[in-house]
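Let me begin by presenting the structure, written as structure tokens, before commenting on it.
Just so it is clear, none of the values below were taken in a lab; they were calculated from the coordinates. Since the structure is predicted, the reported quantities are computational estimates derived from the model, not experimental observations. Neighbour counts are summed over all protein chains in view; Cβ atoms, including those assigned to glycine, are modelled from backbone coordinates with ideal geometry.
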There are 2 protein chains.
Amino acid sequence: MVAPFADAYSFAAGPARLPDAVLERARDELFRRGRDGASAVERPFADDAFRATLARARARLAGLLALPADYRILFLAGGAMQHFSLLPMNLLGPSRGAAYADSGYWSRRAIDEGHKRATVRVVARPPAGAPAAPDARGWDIPADAAYCHVTPNETADGVAWPALPDTGAVPLVADCTSCFLAAPLDVARFGLVYAGAQKNVGVAGVSIVIVREDLLERAPLDLPAPFSYAAQAAQDSCVNTPPTPAIHVAALVLDWIAESGGLAAMAAANAAKAARLYDFIDASGGFYAAPVRRDCRSNVNVRFHLADGFDEARFLAEAERHGLFHLRGHPRVGGLRASLYNAMPTAGVDALLGFMAEFMSRNG
Amino acid sequence: MVAPFADAYSFAAGPARLPDAVLERARDELFRRGRDGASAVERPFADDAFRATLARARARLAGLLALPADYRILFLAGGAMQHFSLLPMNLLGPSRGAAYADSGYWSRRAIDEGHKRATVRVVARPPAGAPAAPDARGWDIPADAAYCHVTPNETADGVAWPALPDTGAVPLVADCTSCFLAAPLDVARFGLVYAGAQKNVGVAGVSIVIVREDLLERAPLDLPAPFSYAAQAAQDSCVNTPPTPAIHVAALVLDWIAESGGLAAMAAANAAKAARLYDFIDASGGFYAAPVRRDCRSNVNVRFHLADGFDEARFLAEAERHGLFHLRGHPRVGGLRASLYNAMPTAGVDALLGFMAEFMSRNG
């Protein structure tokens, strides 16, 4: 084991915990030199060894998703937020319009960036009352919208969409950053999905774009080459030097998911972990509360708070003394949040539940 | 030592060798969990520990460069090539024109991308004859050019500029990727310098921009937030999740440079390593040849070839059997190339010279 403090857990929303096995393998593989005098991070990206890693990551991901043949997988430097801009740059085509659903903090960030390049129509908003996803029915999407953007899991708000809209001929585009690979995904429903890696695919510095091939034809030829999905697809994500260490870690994580039973197993484990936490909160007699509407509660970003009058700062400080870190909610949303991605073991949830029960017994 | 094959060397142009001490420290620090249950790559970027690493990297770099107070340092996701586009996006301001010097392969790539967003005036070209940098005098730079772009070390061509132009009031902008931190740099001569990390600052996935503060005012407000130098400067390079592992490695490399005597020591060692190789080539009676004009030979990308009639593929294959890798020249330039960045020890150059002498004695 690399971990000297095996009983401490970070519940950060990302960058987040890696699987223990990946942490060990990455330590060995990334920084140990091979016969060619280079470690994985020292090797040129044109080298066969890196190309094999990239191909393995792509094949693993395609396998996990049972990806239809007309989709392409890109591994691009940088995080998910750049795609808030790259999407309109690549996908608008002759249309200047795009539809967006507002479901919380991150979709609104996407909308803000979308406004800079497109005529944005917001076609759905959260309902009144408890935090929840928009109703997936009855959207008035302009027929000439270049795409319709959704955020199926709102990391800051702890809101997951129970159903996705039928956008007809308008390609559905999804920021899947925090739910990517946490459950099976029917990619055929989407024109494009994208995700930053630092939740469920490894470390910060790479993002993944899965795009239906016909949409690549929309990219203007005068796009900056590294930012052109079409150019990156044509050059195997290697228009320029790709983030080789982050891609190597992604390959290790994808291996681990496959070896651990695939996306159905991830989904079952994530649902079970989240249910334990939500059930405990709901049974706490109001000492703890999960504000999100029950059918929209995220299995990966569990948002909760203390009953009025209790000091969250004290909860956070005591949690840290129990080895439980990064439980503060997103600053724009407030409250508390436990992110339970694929790599969070049940033992981590148990440790959190144990502390929450003890904190309640002392203060309730 | 982490390296099980201590006598093998990669002479790749990048990603390239890391200092041995950095390789060991990165292995320990990046993937070993701390008391907070997180390793450096698992820690959220808002965490104090990452912010301290980022601040340390910035302070180290400012110290190494004796950076004037009116410059800002950015650590941005992605490689240097994106800046071929981000430069005009950020710096053009009301002008649409920019001046570029053509000095080889990479400056021409910058010009190609520049054409997509700016009215490009090519103000200097390589001289006739042996590969060399343009003459630094007598450039006809339009007075309203937003900037003048140069590439002081052409990685593919093996050409280094012996002198830089005086561009007067027009800010000089430099792609320093392959020479960055290989020698002292008088940043005050430049409006902006940028570099990908994977030569002398660590691993692929982060680029460094050093920009004079007044130039940040030119950035249009509708730039994509992660691509706005002004927005990134205002938010400490953390507009969105930064590439935390690559920044951590950069901090380790910057520590190593400082502990190894700083940039003057790097320059002296690099000059000595390159001189040994060039001197051997020049004394080989024509069996080996370095095509670049003597006053423009790069100390970090040593370009050479075999006399006519000798098979470079055989040279490369035999070199690999001697533990010497990635000596093939850039595909668009041809021939052979040994990249000798800061982390290449003298022992690596000696091993290469030993093989080259032996290859010549068998074939000369």
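Placing a label point 7 Å from the Cα of B:R96 along the Cα-to-Cβ direction, the distances to the matching points in the other copies come to 1.7 nm, shortest first.
Pairs of alpha carbons in the protein assembly as shown separated by more than 40 Å make up 34% of all such pairs. Note on segment B:23-259: antiparallel DSSP beta bridges, both residues inside, total approximately 50 percent of the bridges counted.
Site pair A:D279 and A:L353 shows an inter-label distance of 0.7 nm when each label is modelled 7 Å from Cα along Cα→Cβ. Packing order of peptides A:20-27, A:183-190, highest average first: A:20-27, A:183-190 (average count of other Cβ atoms within 10 Å over each peptide's residues). For segment B:23-259, the Kirkwood hydrodynamic radius comes to 18.4 Å, computed from all pairs of different C-alpha atoms. Using the Cβ-Cβ distance between B:D214 and B:A46 with R0 set to 35 Å, the FRET efficiency works out to roughly 0.75.
Across identical copies of the chain, B:D135 has label-point separations of 7.6 nm, listed in ascending order, with the point defined 7 angstrom from Cα along Cα→Cβ. The simple Förster model, with R0 at 41 Å and r as the Cβ-Cβ distance, assigns B:R56 and A:E312 a FRET efficiency of 0.85. Compared with the direct C-alpha span, the chain from A:A264 to A:K116 gains 49.4 nm at full extension, assuming 0.36 nm per residue. Judged by the ratio a/c of the largest to the smallest principal axis of the C-alpha gyration tensor, segment B:261-363 counts as prolate, that ratio being 1.5 or greater while a/b is larger than b/c.
In what sequence, highest mean first, do B:252-260, B:143-151 appear when ranked by Cβ atoms within 10 angstrom?
On the way: B:252-260: 19.3, B:143-151: 23.3.
For the peptides B:252-260, B:143-151, the packing ranking is B:143-151, B:252-260.
Peptide B:237-249 has a mean of 6 when you count, residue by residue, the C-beta atoms of other protein chains within 10 Å of its C-beta. Mean silhouette area of segment A:139-191, derived from the convex hull of its C-alpha atoms and averaged over all directions, reads 4.0 nm². Between A:A128 and A:A188, the distance separating the two model label sites (each 7 Å from Cα on the Cα→Cβ line) works out to 4.1 nm. Each other residue within a Cβ distance under 11 Å of A:R72 adds +1 if Lys or Arg and -1 if Asp or Glu, for a net charge of -2.
In terms of the mean number of neighbouring beta-carbon atoms within 10 Å, the peptides B:72-84, A:284-296 order highest first as B:72-84, A:284-296. Other residues lying with their Cβ under 11 Å from the Cβ of A:G329 contribute a combined charge of +2, Lys and Arg counting +1, Asp and Glu -1.
Mean partner shielding of peptide A:316-327, defined as the number of other chain Cβ atoms within 10 Å of each residue Cβ, is 2. The calculated 222 nm mean residue ellipticity attributable to helices in chain B amounts to -10500 deg cm²/dmol, summing -39500 (n - 2.57) over DSSP H runs of n ≥ 4 and dividing by all residues.
For A:R56, the distances from its label point to the matching points in the remaining copies are 3.1 nm, ordered from shortest, with each point set 7 Å beyond Cα toward Cβ.
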